[in-house]
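Enquirer: The structure under discussion is supplied below as C-alpha cells; questions concerning it will follow.
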Amino acid sequence: MTRPLRLGIAGLGTVGAGTVRIVQTHAELLKRRSGRGIAIAAVCARNRTKNRDIDLSAYDWEDDPVTLARREDVDVLVEVMGGADGAALDATRAAIAAGKDVVTANKALLAHHGQGLAEAAEAAGRLIRFEAAVAGGIPVVKALTEGLAGNEIRRVMGVMNGTCNYILTRMESAGLPYDDVFEEARQLGYLEADPTLDVGGIDAGHKLSLLASIAFGTRVAFEAVALEGIGQISIDDIRRAGDMGYRIKLLGVAQLTGRGLEQRMSPCLVPAESPLGQLQGGTNMVVLEGDSVGQIVLRGAGAGAGPTASAVMSDVIEIARGSRIPTFGQPAASLVAAPVARSTSPAPFYLRMELSDKPGALAKVATVLGDEGISIDRMRQYGHKDASAPVLIVTHRTTRDAIDHAQKRLPATGVVQGQIVAIRIETV
Ligand code: NAP
Ligand code: HSE
C-alpha cells in the first residue's frame, strides 16, 4: 500500500492553522480523493506556546523552518509563513535542495523569486504549487494551467485584493471617508502587517504578475506592473461615480499584445450593474478570456482560513495524485522575457475637476479636450460652492496618453482649481 504523503507545515497562522484543520477533519475524504493518506509529520512557527485552537500534539515541532524543510519524513513543505525573502525563501530553497515538493500561499515570494525557484525546482525534479497565493479560495491557477490549457489566453483581469474591495464598498455603503474605513479595516484585522501591500495595490500586483506568467508563458514580471493604489480615492469620487452609474474597483488587467506584456493594477470605474460592479466586501473576482472558451468569470472568497486552506489542500492533493505540472504551467526555461508595454488600448475615462464659476470656463476645458482628440460623452455639473463648481465628464473611448496630455494642459486654462481626477472606465 502507498504510504501517506507527509507534510511539513511552516507557519501556523490563519492559513497554516486552517490547513491543519482540513487534514484533521477530512482524513478519509482526502485519502479517497488522493489515492493515499495525507499526514502531517511536523509543524513550525515562531512561538511554540501560542494557543492556536488546534490540536498539534500528534506532530513534531521544529523551531526552524529550514530544519523542517530538510526533515527525512517530510515529502512536501507547506510554506505559509509569508514574506518575499527571509524564512520563506530559505525554507523553500532548502526544501527543493532536499528533494521535497513545495506548496505555498506566498504571492510575494513568487512575484520576486518565482523564476529562480521554478528553475531550481524543475532542475531537481520537484514541484512548486501556489493555488492559494492568488485569489484565496478561487481555483484560478488550476483554471489557467489545466481547464484552459488548450486556449490562447487573450486577457486576465480581476479584483484580487479583498481588503481594497472591502474598503471601497464600505466607503460607499456607509458614506465614510477613506481614513475612517482604513482604520475600521485595521481593527477588523483585514490589513496586511504592512498595509501598503494592500492599499498600494502591491499584493494584488503580485497576484496579477503570477497569473500573467501562466496565461502568456512569460517570466514573472512584477516590477513591470503599472501600480496605483486606492489611497487617492475620495468619498466624493465614489459618490460622483455612483451618480454616473459606476463603481470604483482596484482592477488588475494583463494582456500580451504585439507590443509586449501589459500589466496594470489600478483603480477603475466599472458599470455598477456589471458582475465586477456588484462585487461586495472582501470577495474576489477573476475574469479570464481565451480564444476558444470566450470569457470565464470566477468569484469567491479571496482570503480567510477556510478558503485559503482549501486552495492549499487542492495543491497537496494534486501532488499526492502524482500530477507533475510545472510551476507556471510550462517548463520555467521556456518562459519568455516579454518586453514591457504600457497600456495604450483606448477606453472611456471619468474626469472630475473643480471649475471656476465664470463665463467660458467649460468651453476652455472642452477646447483642451478637443485639441487632444478627446470627445465628451456625458457631463454633469454640481452645485456651486463659493466661486467654483465640481464638474464630472465621461469621455468617449480615448487613450491614457491623451488624458495625460490634457491633464497637464488643463491647469494653464486658469479655470481648473486643484487636482484633476482621471480614472479609466472598464466595461467587462
Ligand atoms: P499569519 O497569520 O501572520 O501567520 C504566519 C505564520 O508564520 C505564523 O504562525 C508565524 O508564527 C509563522 N512564521 C512567521 N515567520 C516565521 C519564521 N521566521 N519562522 C517560523 N514561523 C514563522 O499569516 P497568514 O495570514 O496565515 O498568511 C500566510 C501566507 O499566506 C502569506 O504568504 C500570505 O500572504 C498568504 N495568504 C494569506 C491569506 C489570508 O487570508 N490570510 C490569503 C491568501 C494568501 P507565529 O504564529 O508563532 O507568530
Ligand atoms: N491581503 C490580501 C487581501 C489577503 O486582502 O486580499 C489575501 O491574499
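Enquirer: So, in the range 158-191, of the ones that are within 16 Å of ligand 1 (Cβ to nearest atom) and either open to solvent by 70 Å² or more (accessible area, probe 1.4 Å) or not assigned by TED's automatic domain parsing to the domain that holds Cys268 (or both), which residue ends up nearest to Ala272 (Cα to Cα)?
Expert: Checking each candidate, the answer is Tyr190.
Enquirer: Can Gly37 be described as in contact (Cβ under 8 Å) with a residue 40 or more places away in the chain and open to solvent by less than 30 Å² (accessible area, probe 1.4 Å)?
Expert: Here the answer is no, as Gly37 does not meet what is asked.
Enquirer: Scan Leu127, Leu56, Leu68 and give me the residue that is in contact (Cβ under 8 Å) with a residue 40 or more places away in the chain and under 27 Å from Gly300 (Cα atoms).
Expert: Details: Leu56 fails: under 27 Å from Gly300 (Cα atoms); Leu68 fails: under 27 Å from Gly300 (Cα atoms).
Just one listed residue meets the conditions, Leu127.
Enquirer: If you scan the range 324-362, which residues turn out to be assigned to a loop (DSSP other than H, G, I, E, B), polar (S, T, N, Q) and surrounded by 12 or more Cβ atoms within 10 Å (Cβ to Cβ)?
Expert: Taking the range 324-362 first, the residues assigned to a loop (DSSP other than H, G, I, E, B) are 324-331, 335, 337-339, 341-346, 348, 357-360.
From the residues that got through so far, the ones that are polar (S, T, N, Q) too are 327, 330, 343-345.
Correct list: Thr327, Gln330, Ser343, Ser345.
Enquirer: State all residues of the range 290-315 that are in a loop (DSSP other than H, G, I, E, B) and crowded, with 18+ Cβ neighbours inside 10 Å; if no residue qualifies, say none. Talk me through it step by step, then tell me what you get.
Expert: Quick first cut of the range 290-315, residues in a loop (DSSP other than H, G, I, E, B) only: 291-293, 302-304.
Once the filter is applied, which keeps residues that are in a loop (DSSP other than H, G, I, E, B) and crowded, with 18+ Cβ neighbours inside 10 Å, the range 290-315 yields Gly302, Ala303.
Enquirer: If the requirement is being of a type in the set (Asp, Glu), crowded, with 16+ Cβ neighbours inside 10 Å, farther than 30 Å from Ala124 by Cβ and modelled with pLDDT of 95 or more, which of these qualifies: Glu318, Glu262? Spell out the reasoning first.
Expert: Details: Glu318 fails: farther than 30 Å from Ala124 by Cβ.
Testing whether each residue is of a type in the set (Asp, Glu), crowded, with 16+ Cβ neighbours inside 10 Å, farther than 30 Å from Ala124 by Cβ and modelled with pLDDT of 95 or more leaves just Glu262.
The values are calculated or read from the model by the stated rules, or taken from the named source; none is laboratory data. What you are looking at is a predicted structure, and each value in this text was computed from that prediction instead of being measured. FYI the Cβ positions are ideal-geometry reconstructions off the backbone, even for glycines, and counts take in every protein chain you see. Side chains are part of the model used for accessible areas, which takes the heavy atoms of the whole protein and leaves out ligands, DNA and RNA. Shrake-Rupley method; radii C 1.70, N 1.55, O 1.52, S 1.80 Å.
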